[in-house]
């Protein structure tokens, strides 16, 4: 039982490049989330998916797109990376949407130069 | 999501009980109180969740007074490995409540030998 997995663990992009962060969970959870965490700060919600087939914006969605591919997988895409998107990205999942118990992945450390 | 206020940092010694208080004056009737722990370079980990009075599990206790405008996370007999950032979240458990999910800056707990 791997929990929540994320790929890649590290990534360096040049400004304007695109990439997709992958996330998968094996706990049969309904809800999935993408957060970003800047140095010394708390986590901010980018997008979430309350259930398969639905997605919704969080606090900081600009510059990102998401896809809930199926119940297990939730991907985050940066279409044209900017230095302001340098951050650590965490994926999470939970059985019920909201502040209910969320399980987090190990994170992806992204640097945009 | 109700706004929360926590101390920025706290120090304690090994073996002591630590109490971290969170203020949430505008908590709504349907809101729950949830605490997470985060170690460096890891995603947050759920510790405990409660609605009123007292909740206890194998790692912590959560005390919530009758007016629910604050809550206290209690960690018994802390060890060096409890050094981490602790986040207090207050909100509902519905898809609408997830939209403003933000972890804030949390409380940096440092346990000294």
Per residue of B:40-47, how many C-beta atoms from partner chains lie within 10 Å of its own C-beta, taken as a mean? 6
DSSP beta bridges in chain B [antiparallel fraction, %, rounded to 5]: 85
Please identify, among B:79, B:94, B:12, the residue showing maximal mean-square fluctuation in a Gaussian network model of chain B using a 10 angstrom Cα cutoff. B:94
Under 1.5 on a/c is rounded, so check that first for the stretch A:1-102, then, if it is not, pick prolate when a/b is larger than b/c and oblate when it is not; a ≥ b ≥ c are the square roots of the alpha carbon gyration tensor eigenvalues. prolate
Using the Kirkwood radius over Cα pairs of chain B, the Stokes-Einstein translational diffusion coefficient at 10 °C and 1.306 mPa s, in µm²/s and rounded to a whole number, is 112
On a full-extension model of 0.36 nm per residue, what is the gain between residue A:38 and residue A:109, subtracting their alpha-carbon distance, rounded to one decimal in nm? 24.5 nm
Between the stretch B:17-55 and the stretch A:31-91, how far is it from one alpha carbon centroid to the other, in angstrom? 23
Quick one: in the stretch A:46-92, what % of C-alpha pairs are over 18 Å apart? 26
When you look at the Cβ of every residue in A:37-44, what mean number of other chain Cβ atoms sits within 10 Å? 5
Kindly give the semi-axes, whole Å and largest first, of the ellipsoid equivalent to the protein assembly as shown, taking each as the square root of 5 times a Cα gyration tensor eigenvalue. 30, 20, 15
Starting with the fewest neighbours, write out B:107, A:15 ranked by other beta-carbon atoms found within 10 Å of each beta-carbon. A:15, B:107
Honestly the stretch A:1-53 on the Cα gyration tensor test (a ≥ b ≥ c root eigenvalues; a/c under 1.5 rounded, otherwise a/b vs b/c for prolate or oblate) is just prolate
Using Cα pairs under 8 angstrom and six or more residues apart, how large is the relative contact order of the stretch A:6-113, in percent? 36
When chain A is modelled as a GNM with alpha-carbon springs shorter than 10 Å, which of A:12, A:99, A:66 fluctuates the most? A:99
Taking chain B as a Gaussian network, where each spring joins two C-alpha atoms under 10 Å apart, which residue of B:50, B:15, B:91 fluctuates the most? B:15
Please compute the Kirkwood hydrodynamic radius of the stretch B:50-113 from all pairs of different C-alpha atoms, in Å with one decimal. 13.7
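Classify the stretch B:30-87 as rounded, prolate or oblate from the Cα gyration tensor: take a ≥ b ≥ c as the square roots of its eigenvalues, call it rounded if a/c is under 1.5, otherwise prolate when a/b beats b/c and oblate if not.
It comes out prolate by the Cα gyration axes.
Where a number appears in this text, it was derived from the coordinates with a stated rule and is not lab data. Here the structure is a predicted model, which is why all the values come from computation and not from measurement. All Cβ positions, even for glycine, are placed from backbone atoms using ideal geometry, and neighbour counts span all protein chains on display.
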